[in-house]
Structures are given as C-alpha cells and as structure tokens.
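A.B. asks: Please see the structure below; I have some questions.
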Amino acid sequence: MTVVQTLGQFIIEKQKDFPYAKGELSRLLRDIGIAAKIVNREVNKAGLVDILGEIGSVNTHGESQKKLDVFANEQFISALTSGGECCIVVSEENDDPIFIDNEISRDAKYIVAIDPLDGSSNIDVNVAVGTIFSIYRRKSGGSCATIEDAFQKGTEQVAAGYVVYGSSAMLVYTTGKGVNGFTLDPSIGEFCLSHPEMRIPKDGYIYSINEGNYINFPDGVKKYIKYCQVNDPSTHRPYSSRYIGSMVADLHRNIIKGGIFIYPTTAAAPKGKLRLVYECNPMAFIIEQAGGRATDGFERILEKDVNSLHQRSAIFLGSENMVVKAEEMMRDYSPEVGKVVDIKKAAGA
Ligand code: AHM
Ligand code: MG
C-alpha cells in the first residue's frame, strides 16, 4: 500500500526540527495552503467566466464576478486575517502594508509578503499562473507590529514558497531546511508530498528570458544569450529557450530540469521589473535552499537592502554554474550596471 503524506501531516512532523516552535508557523503555512486550494478551484473555472457571466457582472449564485487576481488577494488576506498568526500582510495588490488589527492577530509573530496571482498576462489564456509567499518573524516588541517589521532583508525569511496552478496544482516551500513539493490530489482535496527534498541540477541547459526585449538588455545579458546559442556539443549547447511569462512556472520547470531564469534591467525598466520583497526574495530563498544561486547579476538577492516594499530588482537565478557564467558576462561587459549597485550601497540607499 502506498502511504500518502499530506501537507498538513508533513508540516506537523517537521515542527520538531524547530525545538522552540509552538506551532504558529505550522498554522500559518496551513492557512496559506487552504487559501491556495480555494484559488486553484477558481483558476480551474476561469474559462467558464464567459459562460457564467463576464467579469463585473453577477453570476448564477448572485455573486459578482471578480478578476482572479483580486479574488486571490482577498482569499489570502482573509485566510491570514482569520488565522491569527500574521500581523502584517504586504501584497502586490495593495499599495500599503495591511496591519491586521483584530483581537487574535494584533500580537501575532509573523509578517507575510505575497504576490497572490503572479503571471497575470497568462490568466485569460489558460496558461499556468502562481502564488508566491514569503514569511518573516516580527522583530518589534510591544503589543503592535511596526512598519519596520516589514522592511527585512531576504536573509531574514523564516519560510517561503510558491503555488503553481498548472496541469496540476503544486505547493512548494522551504523553512530553510531544504525544499519540498506537494501536488494537489483533487480526489481527496489535499496537497500530498510528491517532490521530497527538491534539488536543482548544478548545470542546466534551459535559459528563460523575454528575448523580445533583447535590444534593451545590458551587453552582459546579450553576451550571455549569445553564449547559450553557440553550437558546442561538449557543453550541451545550444541550450533550449523556454519562457512562459509566469515566473513561478518558469522557475518550477528550471528547478526540476536545471536552467536559468533572468529578468534583467532594461532600457524601459532600469531597475528591473520584478519586485524584491514578494517575488525575488522568496524565489531566491527557495532556489538557494534547492542548491542553486540567485543574484541581481552582481549582488546576492537575499542580501539586498529593502528600501521600499514594492521595490524592483534585476534577477538571475537557477542552476549555480549557469548563474555564475551569466554574472561573469555582466562583470566583463556591463560593469556600469554593477557600479550603480555599488554606489547605491555606499550611499546606504
Ligand atoms: P505580474 O506580477 O504583474 O504578473 O508580473 C510578473 C510576471 C512574472 O511572472 C513574469 O516572469 C514576468 O512578469 C513576465 O514579464 P514580461 O511579460 O515582461 O516578460
Ligand atoms: Mg507578480
């Protein structure tokens, strides 16, 4: 008989790795898992919106139809608000952090940063989208959390994860002791351990970048792309190019198969596109925990200062040797991009 381990069982079993844990983080992860199942159900029905009613209209149950990203945001915030373990939520969908000020959450220990539905350009076309989350421990004493609690570096994360809503739904997370993946079994409605101790290969043969922006890339990135395209069977080149446009799905594939994902600075997005707090930091934590590497081309993502909760960053992450090679190209051909990083650091920005 095959023994299935559910996410809930796994979280409880792992609690003993943290001798002083009282179960709060376990409950927080469980709350996120429940919200993810609800979001998955709606994502699966997304194509039916045209049958059941357009967005903005009222469906057959008398409920108004919401855009999926708004729906996902509300689900996660509501799960975190009623769960009692989270005092601040930082969300891509909300300009300001949300302080949860109810009886059970006011002195909760954790801060959650979340991108409730990442890959929004894929929502309407039946292509995988995802959720990304990052968890920090509250630093402030006193009865209420403070805004500084939300401004922590990626190295301070106590847990991070993503959910990919793909051909199956999967939840992948780390608490700093490796990475484990759970696939939703719709017949029992549970995430079940399917990918224990995930490790990203040191070398990979897939590069993921929006090459349509090539003309606007720094020279180091252009050189790296050309390097990937050289014919050299001894190093498995040319590599394959795969770009879904949903960071969660692109990275999930690269963790399993080996590969690099790059979203660099461009002329149009001089600071990069992706957000440090709820996109880059959690993905960097997961990739490092799986044995990979994550930088902005010069600096480790997890060590970057957080100056704004919606700040952007360039990102290069995935198989270690691929990222190292891309960094080499950035140093050699785009040192000016690195100098911007240095100057900002020296100025304490
Ligand atoms: P979003 O949070 O608005 O969905 O944007 C993030 C997404 C990532 O998932 C993806 O890697 C990237 O944006 C795609 O951007 P582009 O269309 O510029 O390639
Ligand atoms: Mg996003």
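A.B. asks: Please work out if LEU317 is within 16 Å of ligand 2 (Cβ to nearest atom) and modelled with pLDDT of 95 or more.
C.D. replies: So LEU317 passes the test.
A.B. asks: Ok, one more. Go through ILE100, ILE114 for me and flag whichever is in contact (Cβ under 8 Å) with a residue 60 or more places away in the chain and surrounded by 15 or more Cβ atoms within 10 Å (Cβ to Cβ).
C.D. replies: After ruling out the rest, the residue left standing is ILE114.
A.B. asks: Of the residues that make up region 212-227, is at least one closer than 26 Å to ALA108 by Cβ and either surrounded by 16 or more Cβ atoms within 10 Å (Cβ to Cβ) or among the aromatic types (Phe, Trp, Tyr) (or both)?
C.D. replies: No, region 212-227 contains no residue that is closer than 26 Å to ALA108 by Cβ and either surrounded by 16 or more Cβ atoms within 10 Å (Cβ to Cβ) or among the aromatic types (Phe, Trp, Tyr) (or both).
A.B. asks: Here's a follow-up. Just to check your reading of the model, which residue among GLY297, GLY272 is more than 14 Å from ligand 1 (Cβ to nearest atom) and either in contact with a Cys (Cβ under 9 Å, 6 or more places away or on another chain) or assigned to a loop (DSSP other than H, G, I, E, B) (or both)?
C.D. replies: Testing whether each residue is more than 14 Å from ligand 1 (Cβ to nearest atom) and either in contact with a Cys (Cβ under 9 Å, 6 or more places away or on another chain) or assigned to a loop (DSSP other than H, G, I, E, B) (or both) leaves just GLY297.
A.B. asks: Which condition from (1) among the polar types (S, T, N, Q); (2) at pLDDT 90 or above; (3) surrounded by 14 or more Cβ atoms within 10 Å (Cβ to Cβ) is the one that GLN65 breaks?
C.D. replies: Going through the list (1) among the polar types (S, T, N, Q); (2) at pLDDT 90 or above; (3) surrounded by 14 or more Cβ atoms within 10 Å (Cβ to Cβ), GLN65 breaks only (2).
A.B. asks: Follow-up question, since we're still on this one. Identify the residue in region 109-126 that is in a loop (DSSP other than H, G, I, E, B) and closer than 24 Å to LEU276 by Cα and, among all such residues, is nearest to ligand 1 (Cβ to nearest atom).
C.D. replies: Checked region 109-126; the qualifying residue nearest to ligand 1 (Cβ to nearest atom) is GLY119.
A.B. asks: A further question on this structure: Does at least one position in region 242-263 carry a residue that is over 24 Å from the mean Cα position of the chain (by Cα), over 17 Å from ALA284 (Cβ atoms) and away from ligand 2 (no atom under 16 Å from the Cβ)?
C.D. replies: For region 242-263, residues over 24 Å from the mean Cα position of the chain (by Cα), over 17 Å from ALA284 (Cβ atoms) and away from ligand 2 (no atom under 16 Å from the Cβ): absent.
A.B. asks: Let me ask something else. Could you give me the residue pairs with C-beta distances under 9 Å whose first residue belongs to region 238-251 and is within 12 Å of GLY119 (Cα to Cα) and touching a residue at least 40 places away in the same chain (Cβ under 8 Å), whose second residue is within 12 Å of ligand 2 (Cβ to nearest atom) and assigned to a loop (DSSP other than H, G, I, E, B) wherever it lies, and which are 6+ apart or on separate chains?
C.D. replies: Cβ pairs passing all conditions: ILE244/GLY119; GLY245/GLY119; SER246/GLY119; MET247/GLY119; MET247/LEU274; VAL248/GLY119; ALA249/GLY119; ASP250/GLY119.
A.B. asks: When you scan region 7-27, how many residues do you find that are touching a residue at least 12 places away in the same chain (Cβ under 8 Å), within 22 Å of GLY84 (Cβ to Cβ) and either among the charged types (D, E, K, R) or touching a strand residue (DSSP E or B) at 6+ places or on another chain (Cβ under 8 Å) (or both)?
C.D. replies: Selection size over region 7-27: 7.
The values are calculated or read from the model by the stated rules, or taken from the named source; none is laboratory data. From a predicted model like this one, the values you see are computed outputs, not experimental measurements. Note: ideal-geometry Cβ built from the backbone for every residue, glycine included; neighbour counts use all protein chains shown.
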